[in-house]
Amino acid sequence: MTAILETISVWAIPLLIAFVALYALYKKVPVYSTFTEGAKQGFHTSIMIIPYLTAMLCSIGMFRASGAMDYVTQLLAPITELIGLPAEVLPMGIMRSFSGGAAEGLMADLLATHGTQSQIGRIASVALGSTETTFYVIAVYFGAVGLSKTRHCVAAGLLGDLASLVAAAVIVNLMWF
């Protein structure tokens, strides 16, 4: 079974690309000019989002350097312990709403400190895969298309992140406790 899955994983993307190109030729789509036009639009979009991305990364750095992350973690630790979420995982859960890369760095530190088979490592891993980079998405993608009224999106995104974090803790504790 492993050999079959490895073969599929090696060939899936090249076959998909070949299929799309052949289908486009069959439909008489000008493949090269369509591809270059899409690349041109992608470059324009990336230039448009640079200010939003820069502001987001600067904000994350200030949040962590100010000590606000530690303060929020200490403040919420008694509540999170009630649902079985170790306080060590909370900074990763909070940071995940801001930046996937920063959250991955915090998770790597948790795994190095506590181990991959620890309860903390398992909860952090499931939570990282279950939550979204809400503020990043709002800052970059909404900024790219010019949306400025994000109040309800922020609330919905953070509520989803919270639900995912709680669900990760509860499910991991049920499965491995």
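General remarks:
- Scanning the stretch 128-159 for residues being in contact with a Ser or Thr (Cβ under 7 Å, 6 or more places away or on another chain) and more than 24 Å from S46 (Cβ to Cβ) gives a total of 3.
- Count - residues of the stretch 40-59 that are more than 11 Å from A144 (Cβ to Cβ) and surrounded by 12 or more Cβ atoms within 10 Å (Cβ to Cβ): 4
- None of M175, M107 is more than 17 Å from L53 (Cβ to Cβ) and under 16 Å from the mean Cα position of the chain (by Cα) except M107.
- Test: L111 is over 30 Å from H44 (Cα atoms) and either in contact with a Gly (Cβ under 7 Å, 6 or more places away or on another chain) or modelled with pLDDT under 90 (or both): yes
- Residue within the stretch 52-59 that is under 20 Å from G101 (Cα atoms), part of a helix (DSSP H, G or I) and aromatic (F, W, Y) present: yes
- Test: residue in the stretch 28-50 that is at pLDDT 85 or above, closer than 30 Å to L165 by Cα and among the small types (G, A, S): no
- Cross-chain or 6+ apart pairs with Cβ under 7 Å, the stretch 18-46 first and aliphatic (A, V, I, L, M), then exposed (fewer than 12 other Cβ atoms within 10 Å of the Cβ): V31/L25
The values are calculated or read from the model by the stated rules, or taken from the named source; none is laboratory data. Here the structure is a predicted model, which means the values were calculated and not measured. For neighbour counting, all protein chains shown are included, and Cβ atoms are generated from backbone atoms with ideal geometry for every residue, glycine included.
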